[in-house]
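Comments concern the structure below.
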Amino acid sequence: MPVTANSIITPQAVKSASAVCTAAKTTYNDSTNAVKILTAGASGSVLYGLKAAPRATVTATQLQLYRSPDNGTTMYLVNSALMAAYTMAQTTAAPVTDFGYTETSPLRLGATDTLWVAIGVALAGGVAFDGQYEDL
């Protein structure tokens, strides 16, 4: 959406983003084994939350978040979190790993940005990522 200089840009739509990663990403400068989770809106976006949960028994695993200004050609590692080892069982709650973004501490995205997620250890069942963001 076109904007006027010196005008306040307010969020236009609340959105959610989801992705599942299964392959290990062991390089940190390309999109190999990364999964695109969102594309910023025409005037940019604001990410208010990003969490990940295992979908199977998992060893300690690095979770990775990348920003790309050109849809995956150039990748920048902007955050990571450690998912603790967990044995999936019907009698326990699967742990959720939080990347730390909130309404008071969001990740701001430019109009051409895409966000990508990845895991450092392969997991056939995968790790599910869930994000909440708003387009500006």
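The values are calculated or read from the model by the stated rules, or taken from the named source; none is laboratory data. Given the structure is predicted, the values throughout are model-derived calculations rather than measurements. Here the Cβ is made from the backbone with ideal geometry for all residues, glycine too, and neighbour counts use every protein chain on show. Surface areas here come from the heavy atoms of the whole protein model, side chains and all, with no ligands, DNA or RNA. Shrake-Rupley method; radii C 1.70, N 1.55, O 1.52, S 1.80 Å.
For Lys51, are the conditions met, namely being open to solvent by 40 Å² or more (accessible area, probe 1.4 Å), of a type in the set (D, E, K, R) and under 11 Å from Val127 (Cβ atoms)?
So Lys51 passes the test.
Taking Thr59 as meeting all but one of (1) within 20 Å of Asp30 (Cα to Cα); (2) open to solvent by 70 Å² or more (accessible area, probe 1.4 Å), write down the number of the exception.
(1)
Test each condition in (1) open to solvent by less than 60 Å² (accessible area, probe 1.4 Å); (2) of a type in the set (S, T, N, Q); (3) at pLDDT 95 or above; (4) in a loop (DSSP other than H, G, I, E, B) for Asn79 and report the one that comes out false.
For Asn79, the exception is condition (4).
Between Ala128, Ala34, which is under 18 Å from Val20 (Cβ atoms), touching a Phe, Trp or Tyr at 6+ places or on another chain (Cβ under 9 Å), open to solvent by less than 40 Å² (accessible area, probe 1.4 Å) and small (Gly, Ala, Ser)?
Ala34
Go through the range 82-98 residue by residue and tally those that are open to solvent by less than 40 Å² (accessible area, probe 1.4 Å), part of a strand (DSSP E or B) and without any contact (Cβ under 8 Å) to a residue 40 or more places away in the chain.
Number of matching residues: 1.
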